[in-house]
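Worksheet: the structure to be examined is printed underneath.
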Amino acid sequence: MQTDGEHRYALVLGQAVIKAWGELPTDIQHRLFETAVLSGHHSEQDESLREQLAVFLHQHHPRTDR
């Protein structure tokens, strides 16, 4: 269970990563993407998370490999 502070830190760090995504090296993008998919996948309802996240990143940063 996250504290309010931990939740806030995760949120602002995630926002920073999204903003900087296109400037990150491809290997770092890949590691972050895979980690996000694994940490966000808790049930069968999350099966489409990988595709949804890839679409989101591609819409915000067309230069990415995702």
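The values are calculated or read from the model by the stated rules, or taken from the named source; none is laboratory data. Keep in mind it's a predicted model, so treat the numbers as computed, not measured. With ideal geometry, Cβ positions are generated from the backbone for all residues, glycine too; neighbour counts draw on all protein chains shown.
Considering only residues that are loosely packed, with under 11 Cβ neighbours inside 10 Å and either at pLDDT 90 or above or polar (S, T, N, Q) (or both), which ones fall in the range 52-66? Residue satisfying the conditions is Gln59 alone.
Just to check your reading of the model, which residue among Gln15, Gln29 is touching an Asp or Glu at 6+ places or on another chain (Cβ under 9 Å) and modelled with pLDDT of 90 or more? Matching residue, one of Gln15, Gln29: Gln29. Of all residues in the range 24-38, those satisfying the criterion of being surrounded by 10 or more Cβ atoms within 10 Å (Cβ to Cβ) and of a type outside the set (Lys, Arg) are Leu24, Thr26, Ile28, Gln29, His30, Leu32, Phe33, Glu34, Thr35, Ala36, Val37, Leu38. Restricting attention to the range 1-40, the residues being of a type in the set (Gly, Ala, Ser) and within 10 Å of the chain's Cα centre (by Cα) number 4.
Kindly indicate whether Gly14 is without any contact (Cβ under 8 Å) to a residue 24 or more places away in the chain and either within 16 Å of His60 (Cα to Cα) or among the polar types (S, T, N, Q) (or both). Spelling it out, Gly14 is indeed without any contact (Cβ under 8 Å) to a residue 24 or more places away in the chain and either within 16 Å of His60 (Cα to Cα) or among the polar types (S, T, N, Q) (or both).
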